[in-house]
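Following: one structure in structure tokens, then a few remarks.
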Amino acid sequence: MFGPEQGHFALALACVLALVQFAVPLWGANRRDARLVGLAPYLAVSQLIALGYSFLCLVMCAVSDDFSVQNVAANSAVSKPLLYKITGVWGNHEGSVLLWTLILAVCGGAVSLFGRNLPDILRGRVLAILGGVSAGFQMFCLLTSDPFDRVFPAPMDGQGMNPLLQDPGLAFHPPILYTGYVGFAVPFAFAVAALIEGRVDAAWGRWVRPWAVAAWCFLTCGIALGSWWSYYVLGWGGYWFWDPVENASLIPWLTGTALVHSAIVVEKREGLKIWTVLLAIATFSFSLSGTFLVRSGILNSVHAFANDPARGVFILALLAIVIGGSLALFAWRAPSLTSTGLFSPISREGSLVLNNILLCSICAVVVTGTMYPPFMQLLAGRTISVGKPFFDAATIPLTLPLLLAMGVGTALPWKRAQLARTFSHLYAAAGIAAIGLVLCFWKLSGVLPIACGALAIWVIAASASDVLRRIGIGHTSAQGVWERMKHLPRSSWGAALAHIGAGITVLGLCGMSQAQHAIVEVHIGETRSLAGDDWTLLDVHDYIGPNYKAMQADIAIRHNGKLVTILHPEKRDFTTQSQTTTEVAIHTNFITDLYGVVGDRHGTGKDTTYVLRLHRNPLAPWMWLGGLVMAIGGAFSLSDRRMRIGAPKRAAARNMARA
Amino acid sequence: MNATRRGILTAVPIIGAGVLGVGFWRMLSDMRSGAFDPRAIKNPNVGKPIPSFAMPGLPGLGDGFTDAELRAQHRPVLVNFFASWCIPCVAEMPGLRAISRNMPIWGIAYEDKPENAAGFVQRDGSPYARVASDRHGRVAIDWGVTGVPESFLVAPGGRIIWHGSAALDPQIYEAEIRPRLAGL
């Protein structure tokens, strides 16, 4: 019922359905045939069912230890816990490509089900584009990386999984991150559909924004989760390494953030149309290219996928069709899109333009830093590596004005603002930021951390004061405040929350710039101090885990003689994979992380010493907390009635008449 | 003027994507033929004597070393440039530890704060017989190092006989280094 052959067949069926989903609605829209266009949602849902079944088959193969399936034999083992048998399905190249296409199909299904308020022709075209992309990737899956490949004779047991990947955080990281990547396929499809139609208006902006916001929320969560994983699993005390794989997720996040903002301008002012369409195309193109670069072996990265240039050629051809096709269409049709908005630099839309310029500049920096090494080697035959110093030096100065503008932007009215009036709303926030600056001078060292910290406090204060002003705190009765709170659009709450989240993340980053660590070699019972805390190694003992041998240390941390916590970091040896992992022990009070790692054992008997790494990471949890708050802000604005209902019926009727 | 601006805005993305696409295609096709290895670097010093240098050690890891000491060795030595800020170097460590069972590896910390480099080396057990600090990368320039990690096989007497720019592992040792040791 759920065997590998059924799964393989369902995958092939889904691929065919996706091809039909691509061709029929486009053809129907061209012929103005409502019946053909109307098939699109049914095809999208059927494709989703077929692909869902196929994915379920692969999960069942892994759960039932069917080692005749090459993919299961290579990545699973009988002794693996059930949770990791399931999540291990997407922990490898083939399975992750299948998950990727499944999420794309889910997006198509969502447009079919939740996009009922869209004009039929537009919805048909959007689904056709999604179907085309789906078909391409399902073909890639079938032809070059088939997850249902069989081996004969089937081995008795599988080869097991990298122990580093056996972690709940990483198990759910790929689905969330992929949902973010793939979710931007919907704005992309909207952009291409609009180019085919030759029209972008306020209604289009209103339709496209919820999809972009939803994808953005997932991508934000996915990046935060990945960074958190590297913090507590790799045991290195770091959280972001500017590794190509990390950059591959940051680049679409930057353009996606710009897209979420520029779509507001399309919706409210009918401006930035061409730019927004380009951003929608660019964001998805960067998502796709990231997937491609990671898997082709062109970029050096620690996140090793099985690199195969033949696969790379296939994906590159696919990218050339998707990205090249959409950009060619853009170059051909975009000049005909007319803009009506007149922009004053001091206005809400002006500040959104500034936001876009800065975000895209940061994006350009990250793209340059990531692509420079391979291109330098191709053109000059020289190998270089671009690392943290470049990225820090180039991105932080661009982040400062971005933070400054974030505080002012939401306080500005549309069309034309009076600076003096706007600033009068921001006195309180500026005051708090000034206090914050003093606080930063006291607590932080270094010009950039102090500036970033003060600006982050400024963003938080300005966003909060903006909401407080709108609900009338201070000049309306309690009853009036409650009424205004109820009527303030949820998107305003969401924007404020997301901006506060960004501020919290930046504060976390500033705190981490002050992190202190020490590497010490101690005997049992010895005490070392780090930044005011006394760390004592109480004991070290060995024990045997399910599939590893572990050495566990007990480290007591005292502050002024008072016991704060006892950490139990471990070092585990996985015998079958001959791999060692460190289990970091973290004590957090949400202000400071105390982070302990146990390393090697030296000597014997009384002279036995242990290498310990002790970290004091101020505000570390705030980095991920801020990401979560950003995503919650996005989700909150998604629940806004205006987002869900979509454009007024009048606009829809007008579209129908034109179509 | 508006039309020109639009023309530029619409043409630039496709030209940019085209350039990237052609570049990627060249890289991929060269990778298949073996002409392009993202991890390989040519070094002009192979076959030449090692340059002269004197470097201090890292805190807690003994003294540094000089070219004279390296030349005076009676066994071939693998010289490995690394840095605590370099991600491939993290990945390389288990491989180096495995190789260090067969031959001595001397480490040079490249453009790294000594305390960071020392912590990095001690993290999971040092593969290095000796470690020195090239704090400002001056020595690395003489060796022709373009990035980290890079490794050099130095024959007794101080001649460089092999250079590798990839993160080392036992496979590379078996395929590239061991056959060369036999000829010494």
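Taking the range A:222-244 only, how many residues are assigned to a helix (DSSP H, G or I) and within 14 Å of chain B (Cβ to nearest Cβ)? Give the derivation first.
Within the range A:222-244, the subset assigned to a helix (DSSP H, G or I) is A:222-232, A:244.
Subsequent filtering for residues that are within 14 Å of chain B (Cβ to nearest Cβ) retains A:230, A:244.
Final tally of qualifying residues: 2.
Checked against the criterion of being buried (at least 17 other Cβ atoms within 10 Å of the Cβ) and closer than 28 Å to A:SER465 by Cβ, the candidates A:ALA420, A:ALA405, A:ALA434, A:ALA430 yield just one match: A:ALA405.
Do the conditions hold for B:GLU150, that is, is it under 29 Å from A:ARG613 (Cα atoms) and either in contact with a strand residue (DSSP E or B) (Cβ under 7 Å, 6 or more places away or on another chain) or hydroxyl-bearing (Ser, Thr, Tyr) (or both)?
Values: under 29 Å from A:ARG613 (Cα atoms): yes; either in contact with a strand residue (DSSP E or B) (Cβ under 7 Å, 6 or more places away or on another chain) or hydroxyl-bearing (Ser, Thr, Tyr) (or both): yes.
Spelling it out, B:GLU150 is indeed under 29 Å from A:ARG613 (Cα atoms) and either in contact with a strand residue (DSSP E or B) (Cβ under 7 Å, 6 or more places away or on another chain) or hydroxyl-bearing (Ser, Thr, Tyr) (or both).
Check the range A:96-107 and report whether any residue there is surrounded by 22 or more Cβ atoms within 10 Å (Cβ to Cβ) and over 20 Å from the mean Cα position of the chain (by Cα). No, every residue in the range A:96-107 fails to be surrounded by 22 or more Cβ atoms within 10 Å (Cβ to Cβ) and over 20 Å from the mean Cα position of the chain (by Cα). Filtering the range A:592-631 down to residues that are open to solvent by 40 Å² or more (accessible area, probe 1.4 Å) and at pLDDT below 90, which residue is nearest to the chain's Cα centre (by Cα)? Looking at residues that are open to solvent by 40 Å² or more (accessible area, probe 1.4 Å) and at pLDDT below 90, I get A:ARG601. So for the range A:273-283 (the condition being among the charged types (D, E, K, R) and under 14 Å from the mean Cα position of the chain (by Cα)), does at least one residue qualify? No; the residues of the range A:273-283 include none that is among the charged types (D, E, K, R) and under 14 Å from the mean Cα position of the chain (by Cα). Exactly one residue out of A:ARG644, A:ARG572 is open to solvent by 70 Å² or more (accessible area, probe 1.4 Å), among the basic types (Lys, Arg), modelled with pLDDT under 90 and more than 27 Å from A:SER513 (Cβ to Cβ), and it is A:ARG644. Annotation: of all residues in the range A:343-363 being outside any helix (DSSP H, G or I) and in contact (Cβ under 8 Å) with a residue 60 or more places away in the chain, the one that is farthest from the other protein chains (Cβ to nearest Cβ) is A:ILE346. Hey, does the range A:539-557 have a residue that's open to solvent by 20 Å² or more (accessible area, probe 1.4 Å), closer than 30 Å to A:PHE441 by Cβ and among the hydroxyl-bearing types (Ser, Thr, Tyr)? No, the conditions are met nowhere in the range A:539-557. Counting only residues that are part of a loop (DSSP other than H, G, I, E, B) and closer than 15 Å to B:PRO59 by Cα, the range B:130-149 holds 1 of them.
For the range A:1-23, the set of residues classified as more than 15 Å from A:MET139 (Cα to Cα) and open to solvent by 30 Å² or more (accessible area, probe 1.4 Å) consists of A:MET1, A:PHE2, A:GLU5, A:GLN6, A:ALA23, listed by residue number.
Kindly evaluate A:HIS587 against the criterion of being touching a Leu at 6+ places or on another chain (Cβ under 6 Å) and free of Cβ contacts under 8 Å to residues at least 60 places away in the same chain. The answer is yes for A:HIS587.
Does A:GLY7 fit the bill of being small (Gly, Ala, Ser), assigned to a helix (DSSP H, G or I) and within 22 Å of A:LEU102 (Cβ to Cβ)?
Considered against the rule, which asks whether it is small (Gly, Ala, Ser), assigned to a helix (DSSP H, G or I) and within 22 Å of A:LEU102 (Cβ to Cβ), A:GLY7 comes out as yes.
For the range A:316-325, check the following and say yes or no: at least one residue is over 29 Å from A:ILE129 (Cα atoms) and away from every other protein chain (no Cβ under 11 Å). Before the answer, list the steps.
Residues of the range A:316-325 over 29 Å from A:ILE129 (Cα atoms): none.
The answer is no, given that none of the residues of the range A:316-325 is over 29 Å from A:ILE129 (Cα atoms) and away from every other protein chain (no Cβ under 11 Å).
Here B:GLY107 clears all of (1) assigned to a helix (DSSP H, G or I); (2) away from chain A (no Cβ under 14 Å) except the condition numbered (1).
Here the helices (runs of 4 or more DSSP H) wholly within the range A:87-204 that include at least 2 residues being within 17 Å of A:ALA14 (Cα to Cα) and of a type outside the set (Lys, Arg) are A:93-114, A:120-144. Pairs are defined by a Cβ separation below 8 Å, a sequence spacing of at least 6 or placement on different chains, a first member in the range A:472-493 that is at positive phi, and a second member that is open to solvent by 90 Å² or more (accessible area, probe 1.4 Å); the pairs so defined are A:GLY472/A:ARG484.
Being without any contact (Cβ under 8 Å) to a residue 12 or more places away in the chain and either open to solvent by less than 40 Å² (accessible area, probe 1.4 Å) or over 12 Å from the mean Cα position of the chain (by Cα) (or both) narrows it down to one residue among B:ILE105, B:ILE50, B:ILE87, B:ILE99; which is it? Full working, then the answer.
On the way: B:ILE105 fails: without any contact (Cβ under 8 Å) to a residue 12 or more places away in the chain; B:ILE50 fails: without any contact (Cβ under 8 Å) to a residue 12 or more places away in the chain; B:ILE99 fails: without any contact (Cβ under 8 Å) to a residue 12 or more places away in the chain.
Just one listed residue meets the conditions, B:ILE87.
Taking the numbered list (1) buried (at least 16 other Cβ atoms within 10 Å of the Cβ); (2) within 11 Å of chain B (Cβ to nearest Cβ); (3) touching a helix residue (DSSP H, G or I) at 6+ places or on another chain (Cβ under 7 Å) in turn, A:GLN377 passes all entries but (3). Can you name the residue in the range A:380-430 that is of a type in the set (Val, Ile, Thr) and assigned to a loop (DSSP other than H, G, I, E, B) and, of all such residues, is farthest from the other protein chains (Cβ to nearest Cβ)? Here the residue is A:THR410. Scanning the range A:213-246 for residues that are of a type in the set (Val, Ile, Thr) and farther than 18 Å from A:THR582 by Cβ gives A:VAL213, A:THR220, A:ILE223, A:VAL245. When you look at A:GLY169, is it within 23 Å of the chain's Cα centre (by Cα) and at pLDDT below 90, yes or no? Considered against the rule, which asks whether it is within 23 Å of the chain's Cα centre (by Cα) and at pLDDT below 90, A:GLY169 comes out as yes.
The values are calculated or read from the model by the stated rules, or taken from the named source; none is laboratory data. What you see is a predicted model; the values in this text were computed from it and never measured. So basically every Cβ, Gly included, is an ideal-geometry build from the backbone, and we count neighbours across all protein chains shown. Calculation scope for accessible area: heavy atoms of the full protein, side chains included, ligands and nucleic acids excluded. Shrake-Rupley method; radii C 1.70, N 1.55, O 1.52, S 1.80 Å.
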